[in-house]
Amino acid sequence: MATAVFLSFPVHGHLAPALGVVSELVRRGERVIFFATGRSRSKVEATGAEFRNYRHGHDEFNPNPPTEGLFSDMARLSALSRQLIPELLEDLAGESIDYCLIDTKSLWGRLVAQALKLRAITFSVVFAIRPGVVPPAELVNMLYGGASQEGLLRGLTAFNEYFDTVRSIDHEHATVSPGIIEYLGNPHPLNIIFTSRAFQIGEEAFGPQYKFVGPSVLPGRDAAIPFPFDKLNPALPLIYISLGTTFFQADDFYRSCFEAFADAPCQVVLSCGPGGKARFANPPENFLVEEFVPQMKLLERTSLFVTHGGMNSANEGLLLGIPLLVIPQRGDQFLVGQRVTELGAGLALHPRNADAASLRTAALRILENPSFKAGAEALGQSLRQAGGYVRAAEEILTCVGSRHASIAV
């Protein structure tokens, strides 16, 4: 039995696909020490992994409201890493660790693996990225092109703060911190990418060290979340709207959705996060407003998914052949929207342009044009064939040379 340590980025969208992989590794006999925050303890322990609590609360990893822009996020997470690294090295002292699993956003995981001289394997819930796929100038323009002069200045200041912080970390721990492109992809000799090669941007640039395994969805996930399925009208197309678990505080956008679809020939489910039902107690008659929904089960009934374009959400909709209307909120979500549009599986609207008229026009265009459904179904087939968490575990065990790698499933 080999021992792995998973230094997660403990936010739902990043944890969800990792849980299936860890569960499969444990099933095959691996010991996994899984670092997360207390709110994820029951989900982690359900995989059979050994839960370890980061010495920091969930909000330090995932502040509400979210950090302004990528560079500010880099500055924040580098400062958090400076605190986490000595704590993790202390917590792991005396453990015999064979390899390290990390998330693209767990900078501390990359540097702890270096300090302990461990083989590291990256889990990526975003598109794989490496030099040449998205030029830095284009990336910065995509991330900050619509920002005010003050916002851009704050971003550049934060970018300098990041480099000041990681220089201090590297000096203290004899590590080598990443620049912007490596920071985004956090690449290692094995990279598990939770989408398909067909969906990946610039897939020809990624060699065999990148394993595109598709979505990692455990059976029955979120099945315990209540939902009034009896109120759905099977005679009407269903539009499902969700901005995920980080960007759900978007009341102006939700009001635009009410205006866009109140008299449309469809039914709409809006998932708006904690407190949303109280804020929207009297939605249009064709709307169901819920704070949380069993997403995979609901998607089985859905005709159009209006999403922020987080990779998990995009994958889950496309997995079932559902076309997407992407309203990206940050960074990689703009790339998802771009790719969905390129492949004919839906459309994207910049959030600045997502007014009621534009939402209605785009949604009806997708619903009335069968080519979008065909594009989504083609991508869905590529995602279903990618192998999911079973293949991910297989690739990891092959990489680390475990004797469990060839166990039949």
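Key figures
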{"item": "Amide hydrogen neighbours beyond the local backbone of Thr195, cut-off 5 Å, H modeled", "result": "Val213, Gly214"}
{"item": "Residue order, fewest to most surrounding Cβ atoms within 10 angstrom, among Lys211, Lys373", "result": "Lys373, Lys211"}
{"item": "Cα-based helix-to-principal-axis angle, 149-173 vs the chain, degrees rounded to 10", "result": "20"}
{"item": "Set of lysines with alpha-carbon distance to Lys117 below 18 Å, sequence-local pairs under 8 removed", "result": "none"}
{"item": "Hz values of 3J(HN,Hα) by residue in region 207-215 - Karplus curve (6.51, -1.76, 1.60), Gly and Pro given as x", "result": "x, x, 6, 10, 10, 8, 9, x, x"}
{"item": "Entries of Lys105/Lys211; Lys43/Lys297; Lys297/Lys373; Lys105/Lys297; Lys231/Lys277 with Cα pairs more than 26 Å apart", "result": "Lys105/Lys297"}
{"item": "Pairwise centroid distance, computed over Cα atoms, of region 295-319 with region 83-118, Å", "result": "34"}
{"item": "3J(HN,Hα) from dihedral phi, region 235-247, Karplus parametrisation 6.51/-1.76/1.60, rounded to Hz, x for glycine, proline", "result": "7, 10, x, 9, 9, 10, 10, 7, 9, x, 9, 10, 10"}
{"item": "Net charge, Gly321 excluded, C-beta distance under 9 Å - Lys, Arg +1, Asp, Glu -1", "result": "0"}
{"item": "Tilt relative to the chain, helix 370-384 - C-alpha long axis, 0 to 90 degrees, to 10", "result": "20"}
{"item": "Per-residue HN-Hα couplings for region 98-108 [Karplus 6.51, -1.76, 1.60; θ = phi - 60°; Hz; x = Gly/Pro]", "result": "8, 7, 10, 9, 9, 8, 4, 8, 8, 3, 4"}
{"item": "Order of Phe253, Phe199 - criterion: other Cβ atoms within 10 Å of each residue's Cβ, fewest first", "result": "Phe253, Phe199"}
{"item": "Thr157, Thr67, Thr47 arranged by Cβ crowding within 10 Å, fewest neighbours leading", "result": "Thr157, Thr67, Thr47"}
{"item": "Cα gyration tensor category, rounded, prolate or oblate, for region 229-384 with a/c compared to 1.5", "result": "rounded"}
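All of the numbers you see were taken from the coordinates with simple rules; none came from a lab. All figures in this text were calculated on a predicted structure; none of them were measured in a lab. Using ideal geometry, Cβ is built from the backbone for each residue, glycine included, and neighbour counts are taken over all protein chains shown.
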